[in-house]
1. State whether the residues of the range B:36-52 include one that is over 27 Å from A:Asp55 (Cβ atoms) and either facing another protein chain (nearest Cβ under 10 Å) or out of contact with any Phe, Trp or Tyr (no Cβ under 6 Å at 6 or more places or on another chain) (or both).
2. Taking B:Gly64 and the conditions (1) more than 9 Å from every other protein chain (Cβ to nearest Cβ); (2) out of contact with any helix residue (DSSP H, G or I) (no Cβ under 8 Å at 6 or more places or on another chain); (3) under 18 Å from A:Gly21 (Cα atoms), which numbered condition does it fall short on, given that it satisfies the others?
3. Give the residue, chosen from B:Leu156, B:Leu146, B:Leu167, that is over 16 Å from A:Ala70 (Cα atoms), free of Cβ contacts under 8 Å to residues at least 40 places away in the same chain, surrounded by 10 or more Cβ atoms within 10 Å (Cβ to Cβ) and facing chain A (nearest Cβ under 7 Å).
4. Which pairs have Cβ atoms under 8 Å, sit 6 or more apart or on different chains, and link a residue in the range A:40-61 that is closer than 13 Å to B:Ser51 by Cβ and at the interface with chain B (Cβ under 7 Å from one of its Cβ atoms) to one that is among the β-branched types (Val, Ile, Thr) and not in a helix (DSSP H, G or I)?
5. Any idea which of (1) buried (at least 21 other Cβ atoms within 10 Å of the Cβ); (2) in contact with a strand residue (DSSP E or B) (Cβ under 8 Å, 6 or more places away or on another chain); (3) of a type outside the set (A, V, I, L, M, F, W, C) is the one A:Ser50 doesn't satisfy?
6. Within 21 Å of the chain's Cα centre (by Cα) and without any contact (Cβ under 8 Å) to a residue 60 or more places away in the chain: is that true of A:Ile8 in this structure?
Amino acid sequence: MVDLNSYIYLSLILFMIGLFGFIFRRNLIILLACVEIMLNALIILFASISYFRKDATGYILVFFIIAMAAAEAAVGLTLAVALYKKLKKVYTEEINLFRG
Amino acid sequence: MGAQDLAFYYLGFAMILSGLFTVFSRNPVHALLSLLVLVVHQAFMLYLLGSEFLSAVQIIVYAGAVVVLFLFVVYLINLQKEARFRVFVRRFSLGLIFFILFAFLFIKYFVLIFSMSTSIRTLLPIDPTSSQALKMMARYLFTEYLFQFELIGVILLVVVLGTVFLLRKAKEERLG
């Protein structure tokens, strides 16, 4: 039987996958994609709570999360492109402007 | 087991699998295409969760705009040479400490959500299965959450201006 807890478990697993990728991947663009996976996990969480509790707050928060995700992807990818134009690097370990 | 349970298990399994492909794939284009698979499955899951409007928004914004933007950037930055190097960072132990720390924190808060009882009062009542659900949601969006809605508009405007400003500045520095 699928209830709210199943959706929360799925959300937790997806969030952990995104967190793992965000911490351990080297590529800056995949890092931003992992942030999108984490936001998708939060979308499942809010929508399932809203569905099972018959409360519209979660749906409205999902709407705002999608808008914020679009803004975040645009700004993050712009920074990645600007960084690539300046340094010719997209790997997080090689970006060391502050090394003494 | 009903059709809805079966749909949930299929969608959840496919989402976890495509998420793992996104994290572990060596080629960025393959990773982003599996992210696209995840997003489309997520849209069907939102339909399963009673909101066809959010399902359509998910398809339009995520699959139509965000993932395509990621793919454009990957094509802009040519990574073919570096694709055969290693995928993960070298300092694995440092990352592991942070991963365990964050995982502990998030599991703690998710357990808090598990234990959230039904005693919390409903703020904005809605019936997701009725045909009036979208109307109710629009009414709440434009009354209770009107300020946040306008704020999202301002944020998107700032994002457009900031994107143009950042890339133009980088171009001038490269030329000069």
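1. First, the residues of the range B:36-52 that are over 27 Å from A:Asp55 (Cβ atoms): B:36-37.
From what is left, the residues that are either facing another protein chain (nearest Cβ under 10 Å) or out of contact with any Phe, Trp or Tyr (no Cβ under 6 Å at 6 or more places or on another chain) (or both) are B:36-37.
Yes, the conditions are met somewhere in the range B:36-52.
2. Just one mismatch for B:Gly64, condition (3).
3. Numbers: B:Leu156 fails: over 16 Å from A:Ala70 (Cα atoms); B:Leu146 fails: facing chain A (nearest Cβ under 7 Å).
So the residue among B:Leu156, B:Leu146, B:Leu167 that is over 16 Å from A:Ala70 (Cα atoms), free of Cβ contacts under 8 Å to residues at least 40 places away in the same chain, surrounded by 10 or more Cβ atoms within 10 Å (Cβ to Cβ) and facing chain A (nearest Cβ under 7 Å) is B:Leu167.
4. A:Lys54/B:Thr122; A:Lys54/B:Ile126; A:Asp55/B:Thr122; A:Asp55/B:Ile126; A:Ala56/B:Ile126; A:Tyr59/B:Ile126
5. (2)
6. Details: within 21 Å of the chain's Cα centre (by Cα): yes; without any contact (Cβ under 8 Å) to a residue 60 or more places away in the chain: yes.
So A:Ile8 passes the test.
Yes/no per residue for (1) within 22 Å of A:Lys86 (Cβ to Cβ); (2) at pLDDT below 90:
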site	(1), (2)
B:Met136	no, yes
B:Thr143	no, no
B:Leu151	no, no
B:Ile155	no, no
B:Val159	yes, no
B:Lys169	yes, yes
B:Glu172	yes, yes
B:Leu175	yes, yes
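Yes or no, residue by residue, for (1) in contact with a helix residue (DSSP H, G or I) (Cβ under 6 Å, 6 or more places away or on another chain); (2) more than 23 Å from B:Val39 (Cα to Cα):
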residue	(1), (2)
A:Ala33	yes, no
A:Ile44	yes, no
A:Arg53	no, yes
A:Gly58	yes, no
A:Val62	yes, no
A:Ile66	yes, no
A:Thr78	yes, no
A:Ala82	yes, yes
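The values are calculated or read from the model by the stated rules, or taken from the named source; none is laboratory data. Note that the structure is predicted; figures quoted are calculated from it, not measured. Cβ: placed from backbone, ideal geometry, glycine included. Neighbour counts: every protein chain shown.
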